[in-house]
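The values are calculated or read from the model by the stated rules, or taken from the named source; none is laboratory data. Bear in mind that the values here come from a model prediction, so they are computed numbers and not experimental data. When we count neighbours, we look across all protein chains shown, and the Cβ atoms used for this are built from the backbone with ideal geometry, even at glycine. Just so you know, the surface numbers come from the protein's heavy atoms only, side chains and all, with ligands and any DNA or RNA stripped out. Shrake-Rupley method; radii C 1.70, N 1.55, O 1.52, S 1.80 Å.
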Amino acid sequence: MAVLMTSTEPNRSLSPHSVRPREFTALIHPSRFAARLDASLSPSTLLQLQKTPRLQERLAGLLLGSELVSNGSNWGRGVLLGHDPRHVALLAGSIWHARSVLKLVSKHDLAPLIGNIGAEAHSFAIRYLSSAVATEAIVDPEQLSRGIEHDGYACLGAWLQQASELDRARVLLCLPVGTAAERPTAEHHKAAGQLLSLVMAHLAAETGPA
């Protein structure tokens with residue numbers, strides 16, 4: 001199961017408008033560069049490389065491939081409408097585990113859950129309780145948070161398999177290496193379409209026209 005990323009994880013939301021390859025480089029998760037360049041590089045060194053303008057297009061080409069970069073002069077907002085992939089995954093995962101979310105009512109349980117997944121994902125789960133997938137209750141808020149993230153990422157990964165190569169890569173590269181988005185199961189493939197349609201309709205209304 002993927003390790004839960006807390007609120008200290010940097011916000012890697014995309015621009016609400018079009019993103020150029022060089023700008024996209026700054027959004028790529030450092031673990032992706034470490035895997036391709038040198039795993040011993042420190043986070044500060046990786047961040048410095050990402051922010052160096054003369055290297056950004058080359059780094060984008062390293063991970064995306066030069067052909068995708070050259071064909072991506074005007075990428076637009078992408079399939080996630082410029083939203084942070086983790087945020088999208090948490091919304092999807094909250095619906096997946098909505099039955100368990102509904103059962104956590106005490107302040108002692110709600111505080112860590114909302115601290116991990118956010119108030120929006122919590123209310124989103126309640127709103128779409130009828131679309132919940134998981135039937136087994138999880139009563140521990142930390143375990144539930146991890147389950148929401150894991151299944152949300154897996155649904156996102158399954159949904160992305162219907163997207164173009166460029167759109168899929170742009171999302172996955174913003175996530176750390178090893179999330180469940182890279183290994184969705186048949187169950188996630190089955191539910192992904194419905195859950196992500198609810199999430200994307202919500203985000204489209206929130207974002208508005210480009």
- Note on the structure: When Ala163 is run through (1) more than 14 Å from the chain's Cα centre (by Cα); (2) assigned to a helix (DSSP H, G or I), the failure sits at (2)
- Note on the structure: The condition from (1) modelled with pLDDT of 80 or more; (2) of a type in the set (A, V, I, L, M, F, W, C); (3) touching a Lys or Arg at 6+ places or on another chain (Cβ under 8 Å) that Leu63 misses is numbered (1)
- Within segment 149-172, residues at pLDDT below 90 and touching a Leu at 6+ places or on another chain (Cβ under 9 Å) come out as Glu165, Leu166, Asp167, Ala169, Arg170
- Considering (1) under 21 Å from Leu166 (Cα atoms); (2) at pLDDT 75 or above, say which one Ser13 fails and leave the rest. (2)
- Query: Residue check, Gln143 against (1) crowded, with 18+ Cβ neighbours inside 10 Å; (2) at pLDDT 95 or above, all met but one. Which one?
  - Reply: (1)
- Task: Determine if segment 111-124 includes at least one residue that is under 14 Å from the mean Cα position of the chain (by Cα), aliphatic (A, V, I, L, M) and at pLDDT below 95.
- Result: no
- Query: If you check Leu113, Leu129, which single one turns out to be open to solvent by less than 10 Å² (accessible area, probe 1.4 Å) and either without any contact (Cβ under 8 Å) to a residue 60 or more places away in the chain or in contact with a strand residue (DSSP E or B) (Cβ under 7 Å, 6 or more places away or on another chain) (or both)?
  - Reply: Leu113
- Item | Output for segment 109-149, where each listed residue is in a helix (DSSP H, G or I) and within 15 Å of Leu196 (Cα to Cα) | Ala121, Phe124, Ala125, Arg127, Leu129, Ser130, Ser131, Ile148, Glu149
- Message: Name the single residue that is least open to solvent (accessible area, probe 1.4 Å) among those in segment 164-210 being within 27 Å of Thr25 (Cβ to Cβ) and among the hydroxyl-bearing types (Ser, Thr, Tyr).
- Response: Thr179
